[in-house]
Amino acid sequence: MQQLNSRQCEALKLAIQQGLPLRPQPYLSLAQQLGLSEQAVIDTLQQWQTSGLIKRFGMVVNHHNIGYRANAMVVWDVPEDQVEQVAGQFSANDAVTLCYQRPRMLPHWPYNLFCMIHGRQRDTVLQQIDALVQRHDLQHLPHDVLFSTKQFKQCGGRYADTRIDARYG
Amino acid sequence: MNTLARQLIDRYQKGLPLSPRPYQTMADALGVSEQDVLDTLEELQQQRVITRVGPVFDHAKAGASCLVAMSVPAEELDAVAAQVNTFAGVNHNYAREHHFNLWFVVTARDQNDLQHSIAAIEQAAGYSVMPLPMERSFHIDLGFKIDWEPQPCNN
């Protein structure tokens with residue numbers, strides 16, 4: 001297969017992170033735009049999925065706009081030696097969509113484990129959090145629930161350097 | 001939302017075909033026409049039900065990213081959020097109920113650019129940032145199973 005050089009990889013990343021064209025032959029459209037072959041674009045995207053650079057490839061749903069208005073970021077203060085176990089319990093739960101460890105920022109921020117729970121209503125999300133606490137005996141862990149009240153932006157990341165595009169445009 | 005829209009969302013939050021005519025492949029799987037799929041995707045995009053059809057990159061492998069929190073007086077929140085949004089690398093930005101009431105994710109090509117962006121955002125916004133980089137990911141987002149609400153009855 002045709003291996004892309006790093007400049008071509010960056011250009012493809014930049015082009016596709018805005019979304020796949022909604023045209024019958026989207027990979028061909030991208031290829032023509034970038035001066036590549038259609039097969040090279042398809043092979044590279046396949047390779048990126050295999051390597052895990054692309055986590056998933058498909059429709060990116062805006063939960064808020066399909067009625068999932070209750071979006072809770074639940075943050076926990078978990079002793080280091082329990083992080084793995086607690087994170088495992090969260091991850092196994094259907095209600096949890098993401099689970100990350102982050103640094104504490106004392107004294108302002110004591111929480112080191114984050115998980116996201118999306119739901120249609122605030123009440124059901126709070127019940128799900130309660131159920132999580134009960135099921136896994138997490139009553140001893142300080143935690144806080146940060147519901148979102150407004151979505152100012154949701155779009156894909158911009159990892160490729162736009163200046164590269166401008167330079168080689 | 002019509003049945004095709006729901007079927008597409010249920011089935012194609014991941015695994016979009018890498019065939020030369022992916023929308024035709026999807027249409028074949030669902031027993032509709034390629035044009036039906038394209039029209040529906042276009043409509044979902046216009047309604048902002050989907051933000052795009054495309055890849056979700058692994059933050060750590062694709063470049064650098066960081067969750068950032070900010071504490072902003074309530075009456076300035078909209079203006080500061082808009083200011084933050086002017087930076088192209090900002091890809092999620094939410095108001096949340098907390099002393100830290102603005103939460104956004106900054107993405108960049110590498111750590112160096114990321115730090116520059118965060119500093120520039122802090123300066124433009126006029127409030128201190130609290131960066132909370134991901135140290136470890138325990139759960140990978142593989143799409144989201146939508147619990148469709150029952151269709152309203154006609155009678």
(message) Given the DSSP H assignment, sum -39500 (n - 2.57) over each helix run of at least 4 residues in chain A and divide by its residue total; what's the result at 222 nm in deg cm²/dmol, nearest 500?
(response) -11500 deg cm²/dmol
(message) Going 7 Å from the Cα of B:Gln35 along its beta-carbon direction, which residues of the range A:20-48 have the amide nitrogen within less than 20 Å of the resulting point?
(response) A:22-26
(request) Calculate the all-directions average of the projected area of the protein assembly as shown's alpha-carbon convex hull, and give it in nm². (result) 19.0 nm²
(message) No solvent, one uniform scatterer per C-alpha: report log10 I(q)/I(0) for chain B via the Debye equation at q = 0.11, 0.14 1/Å, two decimals.
(response) -0.62, -0.88
(request) Under 14 Å from a label point 7 Å along Cα→Cβ of B:Glu97: give me every residue in the range A:101-125 with its amide N that close. (result) A:119, A:121-125
(request) Considering Cα pairs under 8 angstrom that are at least six residues apart, work out the relative contact order of chain A and quote it in whole percent. (result) 27 percent
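Where the only charges are on Cβ atoms (+1 Lys, Arg; -1 Asp, Glu), what is the dipole of chain A about its Cα centre, to the nearest 20 debye?
Details: 16 positive and 14 negative charges, 155 e Å.
Magnitude of the dipole: close to 740 debye.
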(message) Sort B:Cys66, A:Cys99 by Cβ crowding within 10 Å, fewest neighbours at the top.
(response) B:Cys66, A:Cys99
(request) Net charge near A:Ser51: determine it from the other residues with C-beta under 10 Å of the C-beta of A:Ser51, scoring Lys and Arg +1 and Asp and Glu -1. (result) 0
(message) Nearest 10 degrees is fine. How inclined is helix A:38-51 to the longest principal axis of chain A, computing both from alpha carbons?
(response) 30 degrees
(message) Please check: in the Gaussian network model of chain A (C-alpha springs, under 10 Å), which one of A:Thr97, A:Thr149, A:Thr50 has the largest mean-square fluctuation.
(response) A:Thr50
(request) Note down the net charge around A:Pro21, summing +1 for each Lys or Arg and -1 for each Asp or Glu among other residues with Cβ under 12 Å from its Cβ. (result) +1
(message) For a 22 Å ceiling on Cα separation, which of these pairs sit above it: A:Lys13/A:Lys150; A:Lys13/B:Lys61; A:Lys150/B:Lys14?
(response) A:Lys13/A:Lys150; A:Lys150/B:Lys14
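Among A:Cys115, A:Cys9, which comes first, then next, by fewest other beta-carbon atoms within 10 Å? Write out the running numbers ahead of the final one.
On the way: A:Cys115 25, A:Cys9 15.
In order of increasing Cβ crowding within 10 Å: A:Cys9, A:Cys115.
With the contact rule set at Cα under 8 Å and sequence spacing of 6 or more, what percent relative contact order holds for chain B?
On the way: 160 pairs, mean separation 34.9, N = 155.
For chain B, the relative contact order is 23 percent.
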(message) Which of rounded, prolate or oblate describes the range A:1-115 when judged by the alpha-carbon gyration tensor and an a/c cut-off of 1.5?
(response) prolate
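What number, in nm² with one decimal, is the all-direction average of the projected area of the convex hull of the alpha-carbon atoms of the range B:1-54? Intermediate results must be reported in sequence, preceding the final value.
Working: hull surface 13.5 nm².
Here the figure is 3.4 nm², rounded to one decimal.
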(request) Have a look at A:Val83, A:Pro142, A:Leu20 and report the one farthest towards the positive end of the charge dipole of the range A:2-148, computed about the Cα centre with Cβ charges (Lys/Arg +1, Asp/Glu -1). (result) A:Leu20
(message) Which of A:His108, A:His140 has the fewest other C-beta atoms within 10 Å, and how do the rest follow up to the most?
(response) A:His140, A:His108
(message) Using 0.36 nm times the number of residues separating A:Asp137 and A:Arg23, minus their current alpha carbon distance, what extension gain do you get?
(response) 35.9 nm
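Every read-out reported here was derived from the displayed coordinates using simple, explicitly stated rules and does not represent laboratory data. Quick caveat: nothing in here was measured; it's all calculated off a predicted structure. Ideal geometry is used to build each Cβ from the backbone, glycine not excepted, and the neighbour counts take in all protein chains shown.
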